[in-house]
Amino acid sequence: QVQLVESGGGLVQAGGSLRLSCAASGRTFSTYAMGWFRQAPGKEREFVAAVSRSGGSTLYADSVKGRFTISRDNAKNTVYLQMNSLKPEDTAVYYCAAGRYTVVVVAKYDHWGQGTQVTVSS
């Protein structure tokens, strides 16, 4: 079973940038669609972005469109989330996930990382 480990979270001022990484184990990374989700305290886990197996297709939540970019490097078994123009409302634990489909639905993803905290100060 694939294991996912997020990194790159931290504290940043509003307007700043962070780049999250998600490293996957195994040799089957390229067979998975990958997604980023986030969860703030007391909130439901919500979709942020997704990328297809080849990296050719991407999906973004309206709230991050134009500010965040998802990408993947299958040779490195890694998916990235470049976050620019960060806002306090972006504060959450960010999770990467792997699944069969490039979709926005949490339940469609089969494997999850442990999460990395992103805090954006106002």
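Things to note:
- Yes/no for A49 being open to solvent by less than 40 Å² (accessible area, probe 1.4 Å) and of a type in the set (G, A, S): yes
- Residue selected from segment 63-103 under the condition assigned to a strand (DSSP E or B) and aliphatic (A, V, I, L, M), by the criterion surrounded by the most Cβ atoms within 10 Å (Cβ to Cβ): V79
- Counting the residues of segment 1-16 that are surrounded by 13 or more Cβ atoms within 10 Å (Cβ to Cβ), touching a Leu at 6+ places or on another chain (Cβ under 9 Å) and in a loop (DSSP other than H, G, I, E, B) gives 4.
The values are calculated or read from the model by the stated rules, or taken from the named source; none is laboratory data. Because the structure is a prediction, the values reported are computed rather than measured. Glycine gets a Cβ as well: all are built from the backbone with ideal geometry, and neighbour counts include every protein chain shown. Side chains included, ligands, DNA and RNA excluded: accessible areas come from the protein's heavy atoms. Shrake-Rupley method; radii C 1.70, N 1.55, O 1.52, S 1.80 Å.
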